[in-house]
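Below is one structure, written out as structure tokens; comments come after it.
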Amino acid sequence: TQSTWGKMYKKTDDPFARKSHAATENDTFWWGFGLLLVGLMIIYDQCATYGSSAAETAGTEVSHYYLFFSHICIMIFIGFGYLMAFLRKAGYTAVGLTFCCSSFCILFGMLVIGFFNNASEVDNGGEWHKIPVGVELMLQGLFAAATVMITFGAVIGKVTPIQLLVIAFFEVLFYGLNYYLLYKRLLVVDVGGALVIHLFGAYFGVALSLVICRKPNTAFRHPCNSARTDSDMLAMIGTIFLWICWPSFNAVAVLQGARQRALLNTFVSLCSSCLFCFITSRLLGKHKKFDMVHIQNASLAGGVAMGAMADHYISIGGAMGTGAIAGILSTWGFEKLQPYLYFKLKLDDTCGVHNLHGLPALLGGFASVISTAKQTEEDYGLPFSSFFSAGRDNVSQPLYQLASIATALGLALASGALTGYIIKYTTTNPERVVEDEPFFVVCDDYTRYIDPSSKTNRFAQQQSSMAMSLSDLKTILGEVDSEEVMQNTQINKMLSGVAPFETSNDNVRSNINSNNGVTSPASPTTTTAIDRRLSGPTSILKKPTMDLESIEQVSDTNNGTGDAPASTSVDTPVETPKEATRSVTIMVE
């Protein structure tokens, strides 16, 4: 189904002249998106107001929240952005679109959460009023952005900026509904958002990816869906920032008396998950080495799992145990479960959000069921109603925790699939995946990936007959080791053009044949073809391309189609057709 926003590409005769997504996307969407932002301005002007104007109250709120607010901003814009920058050709996409999309999610999320807060007050007998916007609601906007960024990790490299913004619009709406159902109706205990944020965002992304990426090998096996050393180091920057700031993420919604406990439980759990991530990566890895994919992601699993019970009395040993299990489970997910899900279900999860956010969130959710059942009034010195909701105790609250897990999981899968179908039938999927160049102005050192089976690649092959490197030569020739070719001093000099030909053709032929296992000079028929390339106006140094006639003549002669050699000694090895062609190919390279 063609999008009403227009085709992504305009056909041209020259594949290299084909315009990028950014140049050929229909401008209608971007005009519409600008109008949507203008609409948000009007809604904020008419339906929102500043928070409490009392100086003392406002000062208390800022001092209570703003430090945590800063830490969470770092997590969203630096942590998530750079964590997804491991892709070798999608660094701009990871950091740039995280910046753009998160800004939109914060503005839109504050309105959506403010709306559901008002709806909750009306349910409890209150009146509808303007949305008070303060630091607390700003935090809720950041949490909405975090949820969308988790989903973005599942589909990065497979969606266009247009598609990402459409996903963000619908997901923020469904996130607000999830927030309302769990926090306002089920009264779940989830101070760090393990269920409301991580579980919902991860399985929303899983369902979305299943719908829009049903074709196998769309990105999972794409050559650009991998890392370089420098991109892996950028991803580690994101990991470190997330790891440092995660205790603030879990403790921001905790009351003053329990905040230290939430910070300590989260920090200990993160340390434990980091250590067990290294252990598990070493034991499960294919090469018995540490895998940076595991280190960048599974080391954070302890913070996710601790979100649902960060402020509980679970003991420091319990926090360590939770982090250890989360680290092991997440690492196992990356190493074993993710490939299995891809080949069985075609689940193309680019960043493995199911392993980092989904599995640890499920672990934390079920651990919170046990934790709430074990809490006692003696632990807190307060009645259950002070740390659970009114009318709840350690018997009823675990049941509501289970109901919250089921609600968040079901809503995430249903809404993610629905959004996926909206994307699938209203937009056009990108022709090139996991790359920056279709959407961003790239630097001069950017190298564009060309699909070997594409028309563009065939065009490139027609334009350049010397596209092979020595590594390509090794692959093509099979038995010939490119290192052996490089070790030959005379050939190396000639190929590099450092020195002129200082050797006779006979010596050159002897060197070539020695690399093919031939110890004596080549046969006269092979010599003729090589001599033409080493002398005269068409020598290799002057024209480093081999015409097809020379290669065909060499091959045809040795296959008996040309003139046979005048005489051949029994003791003199004669090159086979394959060896002759290989000799010419080595010289051309």
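The values are calculated or read from the model by the stated rules, or taken from the named source; none is laboratory data. Nothing here was measured: the structure is a model prediction, and the numbers come from that model. We place every Cβ from the backbone using ideal geometry, glycine too, and count neighbours over all the protein chains shown. Remember, those area values only see protein heavy atoms, side chains included, never the ligands or the DNA or RNA. Shrake-Rupley method; radii C 1.70, N 1.55, O 1.52, S 1.80 Å.
Compute, for K336, the solvent-accessible surface of its heavy atoms (probe 1.4 Å) with the complete set of protein chains present, and express it in square angstrom to the nearest 10.
Accessible area of K336: about 100 Å².
Students often check this: by mean Cβ neighbours within 10 Å, which of 298-309, 147-158, 68-79 ranks highest, and how do the rest follow?
298-309, 147-158, 68-79
Which value in nm describes the separation of the simple spin-label points at S226 and R448, placed 7 Å from the Cα toward the beta carbon?
2.2
Over the stretch 293-382, with the other protein chains present, what is the accessible area per residue in square angstrom, probe 1.4 angstrom?
33
According to a simple spin-label model (label point 7 Å from Cα along Cα-to-Cβ), what is the distance in nm between E377 and L37?
With each label placed 7 Å out from Cα toward Cβ, I get 5.5 nm.
So if we plug the beta-carbon distance of K336 and V441 into 1/(1 + (r/R0)^6) with R0 = 41 Å, what FRET efficiency do we get, rounded to 0.05?
Efficiency at R0 = 41 Å is approximately 0.55.
Using a 1.4 angstrom probe on the protein heavy atoms only, line up R228, R261 by accessible area, largest first.
Reading off the accessible areas and sorting them downward yields R228, R261.
For the stretch 342-411, what % of the accessible area comes from carbon and sulfur atoms, probe 1.4 Å?
65
Once the piece of chain linking S396 and T28 is laid out straight, how much longer is it, given 0.36 nm per residue of separation minus the C-alpha distance between them?
Using 0.36 nm per residue and subtracting the Cα-Cα distance, I get 127.2 nm.
Can you give the accessible area of L283 in Å² (nearest 10), computed on protein heavy atoms with a 1.4 Å probe?
So the heavy atoms of L283 present about 110 Å² to solvent.
Given the whole protein assembly as supplied and a 1.4 Å probe, what does the accessible area of D291 come to in Å², nearest 10?
Solvent-accessible area, nearest 10 Å²: 60 Å².
Listed here are the pairs K184/K424; K89/K286; K158/K336; K89/K288; K130/K184; which of them are more than 21 Å apart at the Cα?
K184/K424; K89/K286; K158/K336; K89/K288
Y66 to E121: extension gain in nm, 0.36 nm per residue of separation minus the Cα-Cα distance?
That pair, Y66 and E121, stretches by 17.3 nm at full extension.
I need the phi-derived Karplus couplings for the stretch 404-416: 6.51 cos²θ - 1.76 cosθ + 1.60, θ = phi - 60°, integer Hz, Gly and Pro marked x.
Couplings: 5, 4, 5, 5, 5, 5, x, 5, 5, 5, 5, 5, x Hz.
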